[in-house]
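Participant: Quick one: the structure is below, and I'll ask about it shortly.
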Amino acid sequence: MLAGSAYAATTLLDVPPPHDLVWLQSTEPSRQGDRFPTRTVSTSRNPSELPTSSRPAPRQVPWKGGSIPFEEFLATTHTNAFIVLKDGKITNEWYTKGVTADTRMSSWSMAKSIVSLLVGQAIQRGDLSEDDRLVDLLPELRTGGAYDTITVRHLLDMSSGIDVDENYNPWWPFTGTAGMLLTRDLPGFVQDHRDVTYTPGSQASYRSVDTQMLGLILARVEGKPLADLLTERLWGPVGATHTATWNLDHDRGTEKAFACINATARDFARIGQLVLDGGTANGRQIVAKQWIDRLSTPAPHKIDGWGYSAQWWHPSGGNGKDFSAIGVYGQYTYIDPVNRTVIVKMSDHGTQQDEQETIDALRSIANNAG
């Protein structure tokens with residue numbers, strides 16, 4: 001009877017059945033993208049290898065008020081892949097056992113920062129404006145209330161106030177962001193979650209649903225799935241050498257825009273280098289310099305004590321110029337314009353564990369990258 005009730009409940013919630021949920025929870029976060037339907041992001045027609053200029057790895061990095069050996073830092077934070085690019089060249093590259101340069105791993109919320117680049121391109125082309133209202137772009141969501149005042153700018157800076165909390169509880173993954181991750185009907189999910197907890201634009205709070213709304217907007221105004229937009233407008237132009245995938249709510253369905261791009265560490269590094277280079281790659285302006293300026297300048301409202309802007313984090317401390325794409329379980333595409341350094345770290349660490357400490361370690365590595 002209990003088993004029957006569990007299966008009936010998941011059917012009613014339109015999420016995977018209990019045996020799939022158990023399977024998912026027993027899978028490392030870096031591999032959970034294998035458990036959901038996907039749409040392919042194709043390799044570039046003109047792939048370009050990243051040049052190398054090998055340098056010794058750092059001996060020590062700062063950690064929680066002291067310092068630890070670099071290898072211990074990688075092990076302590078359950079690192080799967082670690083790449084340092086200095087002036088566009090790979091100076092350090094490390095993989096854990098069973099992971100190689102060809103291994104696809106989940107971006108988790110680093111996908112948000114990639115969605116930002118796609119939004120910036122749409123704005124550059126005139127297909128979208130930061131002042132556009134959500135409900136003018138997706139009129140089926142109109143409520144007649146405060147929700148209707150949400151703009152693209154609010155979604156970009158996480159100041160919409162949409163009431164979908166950041167729940168990562170593995171034992172009750174049916175509400176908030178966990179529910180959004182598991183649902184087989186993302187358009188229906190956002191339709192069912194149109195309350196706001198504060199006046200849009202008055203403050204900011206981290207909400208993955210904001211990025212999901214941006215993804216739905218992009219697909220609507222461009223008339224293409226997000227994976228196809230990523231192939232054409234970023235993956236191809238940066239010279240990505242491996243196919244990627246983007247997880248969907250169901251077969252041939254809607255991309256989980258807030259997470260779940262599965263790609264190699266090197267191809268994530270190419271995206272980081274694109275941003276470091278002011279939106280240029282392979283001699284072309286791929287993303288407008290104005291958009292890179294936008295995302296690299298903190299928005300008015302901080303989130304949990306850190307700066308945030310257009311789906312990119314601005315951690316406290318450092319030289320005040322660095323910023324990062326960050327995903328739960330320890331995913332980073334860290335960018336230090338002062339030191340001309342990009343660092344990609346893919347991990348299976350805690351949900352939001354040791355983020356400030358990890359950023360401090362990445363800053364130290366960038367400062368000593370040569």
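Participant: Taking every pair of Cα atoms in region 2-367, average 1/r, invert it to obtain the Kirkwood radius, and report Rg/Rh to two decimals.
Facilitator: 0.95
Participant: Which angle from 0 to 90°, rounded to the nearest 10, does the C-alpha axis of helix 355-367 make with the longest principal axis of the chain?
Facilitator: That helix lies at roughly 30 degrees to the long axis.
Participant: Could you work out the helix-only [θ] at 222 nm for the chain, with each DSSP H run of four or more residues adding -39,500 (n - 2.57) and the total divided by the number of residues, to the nearest 500 deg cm²/dmol?
Facilitator: -9000 deg cm²/dmol
Participant: If one takes the longest principal axis of the Cα atoms in the chain, at what angle in degrees, from 0 to 90 and to the nearest 10, does the Cα axis of helix 110-125 lie?
Facilitator: Tilt of helix 110-125: around 80 degrees.
Participant: Expressed as a whole number of Å, what is the distance separating the alpha-carbon centroids of region 294-343 and region 190-236?
Facilitator: Going from one Cα centre to the other spans 20 Å.
Participant: Note down the magnitude of the dipole of the chain about its Cα centre, charges +1 on Lys and Arg C-beta and -1 on Asp and Glu C-beta and zero elsewhere, to the nearest 20 debye.
Facilitator: Magnitude of the dipole: close to 1000 debye.
Participant: Residue-wise, which Karplus ³J(HN,Hα) couplings in Hz belong to region 128-137, taking 6.51 cos²θ - 1.76 cosθ + 1.60, θ = phi - 60°, and x for glycine or proline?
Facilitator: 8, 9, 5, 8, 4, 7, 3, 6, 6, 8
Participant: Suppose a student asked you for the relative contact order of the chain, using Cα pairs under 8 Å spaced at least 6 residues apart; what percent would you report?
Facilitator: 25 percent
Participant: In terms of modelled amide H atoms, which long-range or inter-chain residues lie less than 5 Å from the amide H of Asn80?
Facilitator: When sequence neighbours closer than 5 places are left aside, the close amide H contacts are Met346, Ser347, Asp348.
Participant: To the nearest 10 degrees, how steeply does helix 208-222 sit against the main Cα axis of the chain, on a 0 to 90 scale?
Facilitator: It works out to around 80 degrees.
Participant: Continuing with the same structure: Can you give me the long-range amide H partners of Val41? Hydrogens built in the peptide plane at 1.01 Å from N, cutoff under 5 Å, separation of 5 or more residues or another chain.
Facilitator: Ala244, Thr245, Trp246
Participant: Report, in listed order, any pair from Lys64/Lys289; Lys86/Lys224; Lys64/Lys86; Lys256/Lys345; Lys89/Lys224; Lys112/Lys321 with a Cα-Cα distance greater than 31 Å.
Facilitator: Checking Cα-Cα distances, Lys64/Lys289; Lys86/Lys224; Lys89/Lys224 exceed 31 Å.
Participant: Work the Kirkwood hydrodynamic radius out for region 195-316: mean of 1/r over every pair of different alpha-carbon atoms, inverted, in Å.
Facilitator: Hydrodynamic radius (Kirkwood, Cα only) of region 195-316 equals 16.0 Å.
Read the figures in this text as sums done on the coordinates, not as results from a lab. Here the structure is a predicted model, which is why all the values come from computation and not from measurement. With ideal geometry, Cβ positions are generated from the backbone for all residues, glycine too; neighbour counts draw on all protein chains shown.
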